[in-house]
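The structure appears right after this line, and notes come after that.
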Amino acid sequence: MPSGPADRRPPLKAAIDVVELTKRFPPAPRPPLFLTRGEGTLAVDHVTFQVGQGEIFGLLGPNGAGKTTLVRILCTLVEPTSGRASILGHDLADDHAIRRLVGLASGEERSFYWRLSGRENLRFFAALHGLPRRWAEQRIEELAAMLELEEALGERFDRLSTGSRRRLDIARALLHDPPVLFLDEPTRSLDPAATAIVHTLFRDLAASGKTLFLVTHRLEEAEALCDRVAILHRGRLRAVAPVSELRRAVSRKRRYRLRLARTSRDGSPPWLGWPWPAKVIQEGEHLHLQVDLPPEVPLDDVWGHLRAAGLQVLDASLEEDGLEEAFERYTCEDTLPDVPAVCAPLPTVNTIGEPHLPGTVEPPRCRGWSTVWRRTGAFLRRDFFQQVSYRLATLLQVAGILFSVTAFYFVAQLLGGAASPLLSEYGGNYFAFVLVGIAYSAYQSAGLFAFSEAIRGGQVQGTLEAMLVTPTPVGQILMTSALWNFLLASLQVLLYILIGALLFGAPVGHAHIGTALLTLLLSILSFSGLGILSAGFILVTKRGDPIGAVLAALSSLLSGVFYPIGVLPRSLQRLASWLPMTHALRAMRLALLQGATPSQVLADLGWLALFVLVVFPGGLLAFQKALRRARRDGSLAQY
């Protein structure tokens, strides 16, 4: 058969290049000693394939075949055990570059913030991609028009229909206009009208030169959209080819439909005695003959029999086996040994029509510190809107502060001057002493628990992986996720001091602001180092936060939050000196109640600085190691 113009075109350049990629998850620890046993789970087994630029590539396979694991590896969320892969020439190790090049529609509803609107969700992730605000707003409107999401932008995510959530997921993947898109069952739960909109968008994206990697269980969708499909079974790639080649590879028969002009000369059916199954339908003067031929029997043999019987063939058509049969044979253990391996090369360029999508040019991005401030503002905006959505809880927090201050005021009245000898260093007023203690505990709680709560919340909500697939560094994600907690702690401390001073006359008018701010900075860094260590513990074990819980309990008992440490036995006082909260409270009380200068609390500031130098970098290092382990284990989203 002569080659057409398309056949003489060069093959597409590889957008995705995968060579012998393998992922074996380690075995889960088992009780009673929680040791790992066995070889673990082989999820992806020496997979090799290429996807061309501008190609719609379909990945098929039964549940548990390893499709989602393969996608997460290519999006740098899971670290492969062996093999290599690249996206547009960038190796997987260059994860920052790859996250700028890929968009992921995971099909996971948990990856959004349910108490934010569709628009606020898209604004947040646009900031994580470093997109300028004005360009991001324009892009959101364009995507909303393309996916018919105008009404969904103003609704809270938890009130959207399943179909709107799916389309919002696709819009998020397209925000930064990536050249490579990974789509994990993007049309699941969509009605036919919405599916048609999404399919048209996918074809237009491919026509504009973008590469689409489509994971789907809908075989008719793969058949309608994909240039080539791959079938994955038990982690192994069974076939990579256009649908037509897969059909021919697995076909056990060819079904022809022949339209005949008239019957044979003697009136007897010529197909009697044939070795091939045949079925005839009489329609007026014509006969429609359906005959099933084995692959080795040429159609000329049938035509010879028909011509010998005096029958004229008006037309013939071939009905190939559907993709369903190919899928069944490549994923059925009984038929696998008999199915030939198919691995078609990259297709030739076959772009139809002109691209007509907006935003096909590399989008502008914020640079330097503007990117940092843009992302920081996005995290604060996200947390503010989530906080105010819980109005009753916010009011109860304020009421709790008022009740707590009032209760300790009356406790101070009960004690009277009995506590003065032990509090002489701080001015002798127990109410002022305990007010600073309970207020400052808010900073310790923020430092110890904000980071681990950010990780745990991201795992539970599913938003952690959605953030990690953006170019935002993980360190910035961790720090800015906890920033709102520190601002909230500052507001709580301010309320404690104001309520105590204005309503109950707490003597805090002689504060040395410089000493207080220096103490606050060193305290936050100390508490944060321990909190980051707790976050790493959460990533690895998924079992609560014992580090923060133990330190919080010890600090409440030994650090002088409610009473001076002078009442403790000598042994416990020595133990208290190893807690950063002890030195932070002493320096802060002296600064606020006695107006102490930095030189007067130099010993406590020195201890805090030592804690910072040891604990903060140690916490960051431990968290980085925990993150790498979670990527190796594939447990970033588990909780």
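The values are calculated or read from the model by the stated rules, or taken from the named source; none is laboratory data. Treat the numbers as computed from the prediction; the structure is a model and nothing was measured. Virtual Cβ from ideal backbone geometry, glycine too; neighbours counted across all protein chains shown. Accessible surface areas use protein heavy atoms only, side chains included; no ligands, DNA or RNA. Shrake-Rupley method; radii C 1.70, N 1.55, O 1.52, S 1.80 Å.
In the stretch 409-430, is there at least one residue being under 30 Å from GLY154 (Cβ atoms), modelled with pLDDT under 90, open to solvent by less than 50 Å² (accessible area, probe 1.4 Å) and not hydroxyl-bearing (Ser, Thr, Tyr)?
no
Here are GLU137, GLU220, GLU185, GLU150: which of them is of a type in the set (Asp, Glu), open to solvent by 10 Å² or more (accessible area, probe 1.4 Å) and touching a Ser or Thr at 6+ places or on another chain (Cβ under 9 Å)?
When all the criteria are applied, what remains is GLU185.
Within the stretch 165-186, identify whether any single residue is of a type in the set (Gly, Ala, Ser) and over 30 Å from PRO80 (Cβ atoms), and answer yes or no.
no
State all residues of the stretch 96-110 that are farther than 15 Å from LEU128 by Cα and at pLDDT 90 or above; if no residue qualifies, say none.
ALA105
In this structure, is LEU520 of a type outside the set (Phe, Trp, Tyr) and open to solvent by less than 40 Å² (accessible area, probe 1.4 Å)?
yes
Are any residues in the stretch 441-474 assigned to a loop (DSSP other than H, G, I, E, B) and among the hydrophobic types (A, V, I, L, M, F, W, C), and if so, which ones?
Selection gives VAL469 alone.
Out of everything in the stretch 83-127 that is charged (D, E, K, R), in a helix (DSSP H, G or I) and within 24 Å of ILE16 (Cα to Cα), what residue ends up being nearest to the chain's Cα centre (by Cα)?
ARG99
May I ask you to say which residue of ARG391, ARG382 is modelled with pLDDT of 90 or more and within 29 Å of the chain's Cα centre (by Cα)?
Sole residue among the options that is modelled with pLDDT of 90 or more and within 29 Å of the chain's Cα centre (by Cα): ARG382.
Please give the number of the condition LEU502 fails out of (1) surrounded by fewer than 16 Cβ atoms within 10 Å (Cβ to Cβ); (2) in contact (Cβ under 8 Å) with a residue 12 or more places away in the chain; (3) of a type in the set (A, V, I, L, M, F, W, C).
Looking at each condition in turn, LEU502 falls short on (2).
Within the stretch 459-466, is there a residue that is among the polar types (S, T, N, Q), closer than 25 Å to GLY566 by Cβ and surrounded by fewer than 19 Cβ atoms within 10 Å (Cβ to Cβ)?
The answer is no; no qualifying residue exists.
Of the conditions (1) touching a strand residue (DSSP E or B) at 6+ places or on another chain (Cβ under 7 Å); (2) at pLDDT 90 or above; (3) over 14 Å from ARG236 (Cβ atoms), GLU79 fails just one. Which one is it?
That leaves (1) as the condition not met.
For ARG257, indicate whether it is open to solvent by 60 Å² or more (accessible area, probe 1.4 Å) and at pLDDT 80 or above.
So ARG257 fails the test.
Report the residue count in the stretch 74-92 for those that are open to solvent by 40 Å² or more (accessible area, probe 1.4 Å) and touching an Asp or Glu at 6+ places or on another chain (Cβ under 8 Å).
Selection size over the stretch 74-92: 3.
Does PHE433 satisfy being touching a residue at least 24 places away in the same chain (Cβ under 8 Å) and open to solvent by less than 10 Å² (accessible area, probe 1.4 Å)?
Spelling it out, PHE433 is indeed touching a residue at least 24 places away in the same chain (Cβ under 8 Å) and open to solvent by less than 10 Å² (accessible area, probe 1.4 Å).
Which one is farthest from the chain's Cα centre (by Cα) among residues in the stretch 128-154 that are in a loop (DSSP other than H, G, I, E, B) and closer than 21 Å to THR187 by Cβ?
Among them, the one singled out is GLU148.
Looking for something closer than 26 Å to LEU201 by Cβ, of a type in the set (Ser, Thr, Tyr) and modelled with pLDDT of 90 or more - is there at least one such residue anywhere in the stretch 26-48?
no
Would you check if there is a residue in the stretch 431-454 being within 30 Å of ARG367 (Cβ to Cβ) and in contact with a strand residue (DSSP E or B) (Cβ under 7 Å, 6 or more places away or on another chain)?
No, the stretch 431-454 has no match at all.
In this structure, is TRP114 touching a helix residue (DSSP H, G or I) at 6+ places or on another chain (Cβ under 8 Å) and either of a type in the set (Val, Ile, Thr) or open to solvent by 10 Å² or more (accessible area, probe 1.4 Å) (or both)?
yes
Look through the stretch 542-555, keep the residues that are open to solvent by 50 Å² or more (accessible area, probe 1.4 Å) and small (Gly, Ala, Ser), and return whichever of them is nearest to GLN459 (Cα to Cα).
Within the stretch 542-555, the match that is nearest to GLN459 (Cα to Cα) is ALA549.
Name the single residue, out of those in the stretch 1-25 being at pLDDT 65 or above and small (Gly, Ala, Ser), that is farthest from LEU88 (Cα to Cα).
Among them, the one singled out is ALA14.
Among the residues of the stretch 492-529, count how many are within 38 Å of the chain's Cα centre (by Cα) and at pLDDT below 90.
Qualifying residue count for the region: 4.
Scan the stretch 225-238 and tell me whether some residue there is in a strand (DSSP E or B) and open to solvent by 60 Å² or more (accessible area, probe 1.4 Å).
Yes; the residues of the stretch 225-238 include at least one that is in a strand (DSSP E or B) and open to solvent by 60 Å² or more (accessible area, probe 1.4 Å).
Just name the residue that is least open to solvent (accessible area, probe 1.4 Å) out of those in the stretch 564-610 that are farther than 20 Å from ILE497 by Cβ and of a type in the set (Lys, Arg).
Here the answer is ARG574.
Got a sec? Which helices (runs of 4 or more DSSP H) wholly within the stretch 526-639 have at least 2 residues that are in contact (Cβ under 8 Å) with a residue 60 or more places away in the chain?
Correct list: 546-558, 580-593, 602-633.
List, please: which pairs have Cβ atoms under 7 Å, are six or more places apart or on different chains, and start with a residue in the stretch 93-110 that is farther than 19 Å from VAL460 by Cβ and open to solvent by less than 20 Å² (accessible area, probe 1.4 Å) and end with one that is charged (D, E, K, R) and assigned to a helix (DSSP H, G or I)?
Between residues of the stretch 93-110 that are farther than 19 Å from VAL460 by Cβ and open to solvent by less than 20 Å² (accessible area, probe 1.4 Å) and residues that are charged (D, E, K, R) and assigned to a helix (DSSP H, G or I), the close pairs are ALA105/ASP169.
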